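Q: Can you keep this structure in mind? I'll have questions shortly.
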Amino acid sequence: MDNKLKASFTVITIIIGFMIAIQFQTVKEPVVRDTRDIWELRDALLKEKELNSSLLEEMRAVEEKLVTYQTEREASPEQALKQTLEELKTEAGLTGKKGTGLILTIEPAMEEILLGEKVQTVSPQLLERLVNELNQYDAMDISIDGHRLINTSVIRDINGETNIDGFSITKIPFEVRVLTKDLETAQKLYNRMQVSQSVEDFFIDNLRVSISKPLKEVELPAYEDTIRVRYMEPVSERGGSG
């Protein structure tokens, strides 16, 4: 009988100790709470509303395009096909483009010029950060040193030279041209780039990023290389692969 009591007492003691340990751990590591103030929350809500509005606008544009395409296809299938092809080429970056935007000039920092030192190149990592930041702030189309960027563009180092889709950047200064939706978006992009982290990173590498005021007309070249399509086949009329 004594052994059973001892065993029961031991089990109960272990359970109580385990519960106390769990409670202590909960008190020691409280749930992380959102500590943002009302203005930060309002700003986050505004950004979500802007994103939602932008998505709805894109959906309406796509729906209108589908209706227009259906009407034109019924009236003139050949013309509808040509128009669709031109739109796809424009979206893919295969045609030149003009619109509102900014021009960023990458050049040696004045301090380096005064010291007589010459900056020879810009790292691909710096350009990638800059492109990512521009895209984050609603840039629509970008070209670097006269080379158009598309969705599959790659910026990398090849034999010590920064290379964009087979083209090397061998001279400084050079321009980064950016198209935006409208002048208002261009102004927002300009304001954000004034306090850009990537711009500061360029300065650390002895380079300066000069940003133009929003421009009504910025011209970008067409993508020059061949777009290679992989893992795609023509579809036969029966719905199978050709």
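Q: Of the residues GLY146, GLY160, only one is modelled with pLDDT under 90 and either out of contact with any helix residue (DSSP H, G or I) (no Cβ under 7 Å at 6 or more places or on another chain) or closer than 22 Å to LYS98 by Cα (or both); which?
A: GLY160
Q: Restricting attention to region 204-215, does a residue exist that is assigned to a helix (DSSP H, G or I), modelled with pLDDT under 95 and surrounded by 14 or more Cβ atoms within 10 Å (Cβ to Cβ)? Write out each step before concluding.
A: As a first pass, look at region 204-215 and keep what is assigned to a helix (DSSP H, G or I): 204.
Next, from what is left, pick out any that are modelled with pLDDT under 95: 204.
Then keep just the ones that are surrounded by 14 or more Cβ atoms within 10 Å (Cβ to Cβ); that gives none.
No; the residues of region 204-215 include none that is assigned to a helix (DSSP H, G or I), modelled with pLDDT under 95 and surrounded by 14 or more Cβ atoms within 10 Å (Cβ to Cβ).
Q: Please specify each residue of region 216-235 satisfying the condition of being at pLDDT 90 or above and either more than 27 Å from THR152 (Cα to Cα) or not in a strand (DSSP E or B) (or both).
A: Taking region 216-235 as the starting set, the residues that turn out to be at pLDDT 90 or above are 216-222.
LYS216, PRO221, ALA222, listed by residue number.
Q: Could you list, in sequence order, the residues of region 150-166 that are exposed (fewer than 15 other Cβ atoms within 10 Å of the Cβ) and of a type outside the set (Val, Ile, Thr)? Give the derivation first.
A: Of the residues in region 150-166, the ones exposed (fewer than 15 other Cβ atoms within 10 Å of the Cβ) are 151-152, 154, 156-161, 166.
Within region 150-166, ASN151, ARG156, ASP157, ASN159, GLY160, GLU161, GLY166 meet the criteria.
Q: It is to be established whether one or more residues within region 67-81 are at pLDDT 70 or above and outside any helix (DSSP H, G or I).
A: Within region 67-81, one or more residues are at pLDDT 70 or above and outside any helix (DSSP H, G or I).
Q: Follow-up. Residue pairs, Cβ under 9 Å, 6 or more apart or interchain, first in region 168-192 and charged (D, E, K, R), second part of a helix (DSSP H, G or I) and surrounded by fewer than 20 Cβ atoms within 10 Å (Cβ to Cβ). List them.
A: ARG192/GLU133; ARG192/GLN136
Q: Is it the case, given these coordinates, that ARG177 is basic (Lys, Arg) and not in a helix (DSSP H, G or I)?
A: Details: basic (Lys, Arg): yes; not in a helix (DSSP H, G or I): yes.
Taking the combined requirement at face value, the residue satisfies it.
The values are calculated or read from the model by the stated rules, or taken from the named source; none is laboratory data. Every value quoted in this text rests on a predicted model; they were computed, and no experiment measured them. Note: ideal-geometry Cβ built from the backbone for every residue, glycine included; neighbour counts use all protein chains shown.
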